[in-house]
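Please read the structure below before turning to the comments.
The values are calculated or read from the model by the stated rules, or taken from the named source; none is laboratory data. Keep in mind the model is a prediction, meaning the values are calculated, not measured. Quick reminder, even Gly has a Cβ in these numbers, built from the backbone with ideal geometry, and neighbours come from all protein chains shown. Each accessible area value is taken on the protein alone, full model and side chains, heavy atoms only, with ligands, DNA and RNA left out. Shrake-Rupley method; radii C 1.70, N 1.55, O 1.52, S 1.80 Å.
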Amino acid sequence: MSQQLNNDPLHGITLEKILMTLVEYYDWSELGQRIDIRCFNSTPSIKSSLKFLRRTPWARKKVEDLYLALITSNHVI
């Protein structure tokens, strides 16, 4: 049986890892400017942001897209 390759660039990367990478690279204030959601702009924390992003598909998509843009342009891992 042949091994199937996964072409999803986010495969195996947790939402927490994505968020922590973005916060480390941009910090909360710039992240809140790039993606204007309250959990990034008003007393931000990893825990509250993860809770919101897990329940809100459109916001999660924006975070994932920003992460993909970051890693493809800067080769950040």
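Worth a mention:
- Pairs, first assigned to a helix (DSSP H, G or I) in segment 41-58, second open to solvent by 100 Å² or more (accessible area, probe 1.4 Å) and not polar (S, T, N, Q), C-beta under 9 Å, six or more apart: Phe52/Arg38
- Restricting segment 48-61 to residues that are under 13 Å from the mean Cα position of the chain (by Cα) and surrounded by fewer than 11 Cβ atoms within 10 Å (Cβ to Cβ), the residue that is farthest from Gly12 (Cα to Cα): Trp58
- Checked against (1) free of Cβ contacts under 8 Å to residues at least 12 places away in the same chain; (2) of a type outside the set (A, V, I, L, M); (3) open to solvent by less than 100 Å² (accessible area, probe 1.4 Å), Asn7 meets all criteria but (3).
- Filter result for Glu64 (of a type in the set (D, E, K, R), part of a helix (DSSP H, G or I) and over 14 Å from Leu15 (Cβ atoms)): no
- For the criterion of being at pLDDT 95 or above and open to solvent by less than 80 Å² (accessible area, probe 1.4 Å), Leu31 passes.
- Members of segment 10-28 found to be open to solvent by less than 80 Å² (accessible area, probe 1.4 Å), part of a helix (DSSP H, G or I) and not charged (D, E, K, R), listed by number: Leu15, Ile18, Leu19, Thr21, Leu22, Val23, Tyr26, Trp28
- The lone exception for Asp36 - which of (1) within 13 Å of Leu10 (Cβ to Cβ); (2) not in a helix (DSSP H, G or I) it fails: (1)
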